[in-house]
Amino acid sequence: LTVKSDAQGWAERLGGVVLSTGSVRIARPEGPVSGLPGYNEGAWWVQDTAASLPAQMFSRLEGLEIVDLCAAPGGKTAQLALAGARVTACDQSANRLERLRGNLTRLGLDVATQLSRAQDLIAPEGFDGVLLDAPCSSTGTVRRHPDIPYTKSHDDIVRLARVQRDLLDHAAGLVRPGGELVFSNCSLDPMEGEEMVAGFLADHPAWRIKPVDASRWPGLESAVTAAGEIRTHPAMLAHDDLRLAGLDGFYAVLLTRP
């Protein structure tokens, strides 16, 4: 769970633990999540701790204009808004965007929404920051979806990497000079992460990786690559209680330009 405030208090109330990422992890409840304390009042939302990392990578958010591309169902959007950003959430699916609006209403967070394909979004003035959590093979969710390795082929990965590169190229054009771009997805394949971003940087020499500080998330230092990217995998975050161990596989990188 990502909580709006008092992580330790909610961990105690729900019988969970606070992770170094700020997430509160609880064992799977017997009943519906909506029946847990704090749900109706919008005190928290369900979000894998790996998925909570990209929105935490911006240098700052308070008062800045940020667009969340491919935003639904809105977990990262909520993080950005909670941190004080002026957020525009963009998604190409009307149904998913309506779900996002419902989630944010429950959480009491106000964001602007726009129904649009990410690659069709036009913003002449640009944004201070762009978050692109791109559609991908979802292989990083294998601990929750063990069928994933059997449902994705090499051709699928190649096709998705091309889509991600197109989205990244467009997202870069939405960033104001001096702004920041966070690219992420829940794939374990370097073709959708490190290799794709390396190709982007080769074609856009003005852009650079802004390395993340490995000490920010104790216990996840090994998730920070030599280049300063984030690469998590499901075996990280060990815990004696296996119900409280692990996280999704994720790739995320913070990119900047002058």
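The values are calculated or read from the model by the stated rules, or taken from the named source; none is laboratory data. Small disclaimer: the values here were computed from a predicted structure and weren't measured. Note: ideal-geometry Cβ built from the backbone for every residue, glycine included; neighbour counts use all protein chains shown.
Taking the criterion of being in contact (Cβ under 8 Å) with a residue 12 or more places away in the chain, assigned to a helix (DSSP H, G or I) and more than 17 Å from the chain's Cα centre (by Cα), the only residue of region 72-98 that qualifies is A94. So for region 26-48 (the condition being under 14 Å from L220 (Cα atoms) and in contact (Cβ under 8 Å) with a residue 12 or more places away in the chain), does at least one residue qualify? Among the residues of region 26-48, not one is under 14 Å from L220 (Cα atoms) and in contact (Cβ under 8 Å) with a residue 12 or more places away in the chain, which makes the answer no. Please determine, by comparing only the residues of region 6-25 that are in a loop (DSSP other than H, G, I, E, B) and in contact (Cβ under 8 Å) with a residue 24 or more places away in the chain, which one is surrounded by the fewest Cβ atoms within 10 Å (Cβ to Cβ). Only one residue tops the list, namely S20. Might you check whether a residue that is within 28 Å of S59 (Cβ to Cβ) and either of a type in the set (G, A, S) or in the same structural domain as E41 (by TED's automatic domain parsing) (or both) occurs anywhere in region 99-106? Checked region 99-106: no residue is within 28 Å of S59 (Cβ to Cβ) and either of a type in the set (G, A, S) or in the same structural domain as E41 (by TED's automatic domain parsing) (or both). All conditions but one from (1) without any contact (Cβ under 8 Å) to a residue 60 or more places away in the chain; (2) surrounded by fewer than 16 Cβ atoms within 10 Å (Cβ to Cβ) apply to S59; the one that does not is (1). Annotation note: of A50, A89, the sole residue that is at pLDDT 95 or above, within 21 Å of A171 (Cα to Cα), small (G, A, S) and surrounded by 18 or more Cβ atoms within 10 Å (Cβ to Cβ) is A89. Considering every residue within region 114-129, establish whether at least one is crowded, with 19+ Cβ neighbours inside 10 Å, under 23 Å from Q79 (Cβ atoms) and not hydrophobic (A, V, I, L, M, F, W, C). Yes, region 114-129 has at least one match.
Taking region 140-214 as the region of interest, the helices (runs of 4 or more DSSP H) fully inside it that hold 1 or more residues being modelled with pLDDT of 95 or more, among the aliphatic types (A, V, I, L, M) and farther than 18 Å from D248 by Cβ are 154-172, 194-203. The lone criterion from (1) in a loop (DSSP other than H, G, I, E, B); (2) closer than 20 Å to I122 by Cα left unmet by A51 is number (2).
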